[in-house]
Amino acid sequence: MTERFSAREAIALAGDDFRELPVPMREFKPDGPLSWQGYDDARRRALTRTGEDESVVCGTAVIGSTRAVLIAFEFGFLGGSLGERTGDRVEAAYTHARAHRLPVVSLVATGGSRMQEGMLALTQLQRVARQSALAREAGLPQIAVLRDPTTGGGWATLGAGADVTLALPGAQVGFAGSRVRPSDADPAAYTAEAQVAAGAVDAVVREEELRETLALWLTLLTAPAAEGEGGVESEAESGGDVEPVPPPAALGAAGLPATGWDAVRHARSPERPRAAAYLDAYFSRRAAISGDRCGGSDDGMLCGFGSGPAGRTVAYAAQCGTATRPAGYRTAARLIRLAGRLGFPVLTLVDTPGAANDAQAERQGAGSAIADLFAAVATARTPVTTLVIGEGGSGGALALAAPGNTWATPDSYFSVIAPELAAAILKRTASEVRDTADQLRIRPQDLVGLGVIRGIVEHAGR
């Protein structure tokens, strides 16, 4: 179990120069809206124990070089539960964020809704969800840090609803709290680490790295969309004229393939640079998101935001040369939609033999996941630039490619189907695979001639 920090300790862990926001005033009749016997006494004891008069502390702080609105839960105050006064403060914090164009960072530690206020407490989740939605519409980034414990409605709104969700090691995270789970439930399933594996949390971050991690995320997500433009505010409010980014320079073999089979061999070479090498060369620093938010993650699809050419923030989704899983497609779609909301261009790197086609992939909805990514690219609110850096295997690769703005490296190919599979379907012998590769016209120069790609990128310095 991770250490349970108080709200103000968590604030101090995250940033500096904390300035508490004015507290909205709401008067209760004795023992609250339900006249729950002993409620006032419980609140007084919580005040004495924690020094706080409610379960949340809201204000602004500087994290790195970015001022942000902080919403910090005090678990020592009635289990960090949400009541009407909690909802008032969270709403006021989001209103301040929108008025001053500030990102929102939630430091969550809550057991859920406050039973002493009944349904009036539960409906605060709708208030919180609306405020989060308004921030999303305004193009304001939202980051959540899950402390121990994060359960119930706090997890299902501020936690899971954030653009980027981080967690402290060992934190208890789950919709069901420890006292309401089935008696035979596996406790390991209700941890931050399990939620990362399930695609619901982006990363587990150690306490000593939290401030630096938040600073990087806030720098990337609040940077101007392009040099000389007004940043997130202008893009979100105007719909923006975000310029597409240039494709990265080629890193692998310089010469073009003589035959279709040569193109295949070059793309499949174990010595060819993979996505991580391209991302490292293109970005001075980057931060990753992970998971499709519906049960899965795929290590073969790298997604996140980075500081690209001229310090411009660029979102990226990159295949790593493996068969892409449904979770990978969904994560990429999530990334592209988030980039659109925040006003950042997108870079995608294509490198896959194709979509995963095993039985598990079918059970996980491979078709719908690919369809969703096709739709995300087709309706992207900001420009998408694609570079094919290796294998471009059928629709599983095309789903990540930008129509009209796809480029290729000299050691890549793009094909409707792998040459071996095409030969098998046509009932050709193994000796005819190479001729089939030529017939498919899959070389980068063939793709340019067909109008499928815009061009072939050169090596840096040429």
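The values are calculated or read from the model by the stated rules, or taken from the named source; none is laboratory data. Please read all numbers here as calculations on a predicted model, not as lab measurements. All Cβ positions, glycine included, derive from the backbone under ideal geometry; neighbour counts span all protein chains shown. Side chains are part of the model used for accessible areas, which takes the heavy atoms of the whole protein and leaves out ligands, DNA and RNA. Shrake-Rupley method; radii C 1.70, N 1.55, O 1.52, S 1.80 Å.
Here is how the numbers come out for the structure above:
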quantity	calculated
Radius 14 Å from Cβ of residue 367, net charge of other residues (Lys, Arg +1; Asp, Glu -1)	0
Sum of side-chain charges, residue 352 neighbourhood, beta-carbon under 12 Å (Lys, Arg +1; Asp, Glu -1)	0
Taking the convex hull of Cα positions in the range 355-413, its mean projected area over all directions (nm²)	4.4 nm²
Relative packing of peptides 109-117, 40-48 - highest average C-beta neighbours within 10 Å first	109-117, 40-48
Average accessible surface area per residue within the chain, 1.4 Å rolling probe, Å²	41 Å²
Environment charge at residue 321 (Cβ cut-off 14 Å; Lys +1, Arg +1, Asp -1, Glu -1)	-2
Selected from 108, 129, 6, residue furthest toward positive end of dipole (the chain; charges at beta carbon)	129
Quarter of the Cα convex hull surface for the range 45-191, i.e. its orientation-mean projected area (nm²)	9.0 nm²
All-pairs Cα distance distribution in the chain, expressed in whole percent, bin size 10 Å	4, 20, 27, 22, 14, 8, 4, 1, 0
The range 262-323 - convex hull of the alpha-carbon atoms, volume per residue in Å³	96 Å³
Tail fraction, Cα-Cα pairs, the range 315-378, threshold 13 Å, whole percent	61 percent
Euclidean distance of C-alpha centroids, the range 190-208 and the range 287-359, integer Å	18 Å
The range 312-462: C-alpha gyration tensor shape, a/c 1.5 cut-off, then a/b vs b/c	oblate
Residue-averaged 222 nm ellipticity for the chain, from DSSP H runs of 4+ at -39500 (n - 2.57), nearest 500	-10500 deg cm²/dmol
Accessible carbon and sulfur surface of the chain relative to its total accessible area, %, 1.4 Å	53 percent
Scaled radius of gyration (Cα, divided by 2.2 N^0.38 Å) that the range 1-127 gives	1.05
Amide H within-cut-off set for residue 313, under 5 Å, with H built and near neighbours excluded	308
